[in-house]
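The structure appears right after this line, and notes come after that.
Only the coordinates and a few stated rules stand behind these numbers; no lab work does. Small disclaimer: the values here were computed from a predicted structure and weren't measured. So basically every Cβ, Gly included, is an ideal-geometry build from the backbone, and we count neighbours across all protein chains shown.
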Amino acid sequence: MARIVVAKHRLPYPAVTGTDVVTFNLLRALAQRHDVTFVSLIVSEKQRDYARAFERVGVRLVPVMMPNKKSLFARAAYKFFYGAASWLSASPLELWYFNPPAFRRAVAEACAGADLLQCEYWFLYPTAAAARSVKKVLLKHDAEFNANRRLLAISGNPLVKFRRWLRFLHRRGYELAACRKFDHLLCLSRVDAELLAPYARRPPRVVFPIVDLPPEDQMCRGFDSATLIYFGGTGRPGNRQGLEVLLKDIYPRVKSAVANAKLVIRGEAPPRGLLRLGRRDPSAAFKPTAEELGPELARASVAVVPLWAGSGIKIKILTALAHGLPVVTTPVGAEGIPARDGVEIVVAETAEGFADAVARLLTDGERWRELSRGGRRFAERELSPAARDNEVAQLYDELARN
């Protein structure tokens, strides 16, 4: 049994989708064999109550309050000080914002006598540096520079393209340099592992995400509802661009083929531009992220993930497949997911092909059932705790020894 400390800049609970699902299920899997402490920044006192959820899976939670959450004055002062530090040092804001002294101290204290420290996200390397005499692992949820490069390639406005080019060059250097500061590098997919291999001390290892499988009686049964659902982030540039294509080009084409179709977009604080596009059709609705998405996924007909710029594994796709909810996405969305196109998932390169694939699933019951069964079989084979827990625990045992 190894003593493992995991540090992250946000609390992954409730674990509904995205990186929260990855982190929480990883912690749960590790705790079955190892002694696990999780140090996390929190943004409210209420989040301290979630310690019980971590205790139930055998993980000790060490919450550290973000300094800017104590008062209105503290929020303004924190933003000003670290914004100025970022500007004066010409370094990304995250290096200052998410590595406060209290967080670094808490991680260093938790690492006393530990065998392994894992940080999630490259910008936490200042916190990793505060913990000495312990092996350090960086878990890369994605290759950010690759996502920024793709976003740059599809940008049309010259001013926007220039701004994104500067951001790409600036952040890429810090991201890739951070990879060299850790003893081991873990990626969620082989695609990212190959991209990051030249910048790591050792060949990166792959830790494929674990996703909980709902019981059979909670599986998707929503063919008749003709409801498209997108759930996840709406503000990140790649997600926003994909949702703009969905609202401008894909959904109107679907509606022309299936008059009773509906669209639900679940995500926190969507940009105003997306809200304006959504108001064009009353059958499209924006809703906030729910703590429990299962019932809504069971009622939906198709999960749509329109993504032409991004990197890493899309957990929203894995979550939908686990529920038996057919998924239509793009080659970028499906990247790193070993699901078979046309059997377990549907991959479309263009907006027109995407819309046609969705419309077919809304009108062809037999095709819908084939994709639903295929997605669930994929999840049982590749994603479930039964398939992955032991493999993950063994990997970290090896990392702690070597």
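A few notes on this one:
- Selection of trypsin sites (Lys or Arg not before Pro), the stretch 291-399, meeting DSSP coil and at most 15 other Cβ within 10 Å: Arg340
- Between the stretch 236-265 and the stretch 269-302, the C-alpha centres lie 11 angstrom from each other.
- Over the stretch 216-382, volume per residue of the alpha carbon convex hull, in Å³: 98
- Sorting Phe80, Phe286, Phe54 by the number of Cβ atoms found within 10 Å of their own Cβ, with the fewest placed first, yields Phe80, Phe286, Phe54.
- Calculated mean residue ellipticity, 222 nm, the chain: -14000 deg cm²/dmol, from DSSP H runs (n ≥ 4) at -39500 (n - 2.57) each, averaged per residue and rounded to 500.
- The charge dipole of the stretch 1-140, taken about its Cα centre with unit charges on the Cβ atoms of Lys, Arg (+1), Asp and Glu (-1) only, comes to about 100 debye.
- Alpha-carbon geometry of the stretch 9-63: the Rg and the Dmax are 10.4, 31 Å, given in that order.
- Taking θ as phi - 60° and the Karplus parameters 6.51, -1.76 and 1.60, the scalar couplings of the stretch 99-105 work out to 10, x, x, 5, 5, 4, 5 Hz in sequence order, x denoting glycine and proline.
- Compared with the direct C-alpha span, the chain from Thr350 to Ala153 gains 69.4 nm at full extension, assuming 0.36 nm per residue.
- Partner lysines for Lys262 [C-alpha distance under 18 Å; skip if fewer than 8 residues away on the same chain]: Lys248, Lys287
- Computed about the Cα centre, the dipole magnitude for the stretch 267-402 is approximately 440 debye when only Lys and Arg (+1) and Asp and Glu (-1) carry charge, each at its Cβ.
- Here the chain is scanned for GluC sites (Glu not before Pro) in DSSP loops (not H, G, I, E, B) that have at most 11 other Cβ atoms within 10 Å, and the longest stretch holding none of them is 1-267.
- The tail of the calculated P(r) for the stretch 245-313, taken as Cα-Cα distances beyond 19 Å, holds 38 percent of the pairs.
- Spin-label zone in the stretch 200-226 - amide nitrogen under 13 Å from a point set 7 Å from the Cα of Ala386 along the C-beta vector: 213-216
- Projected-area mean, the chain, by convex hull of Cα positions, square nanometres: 19.3
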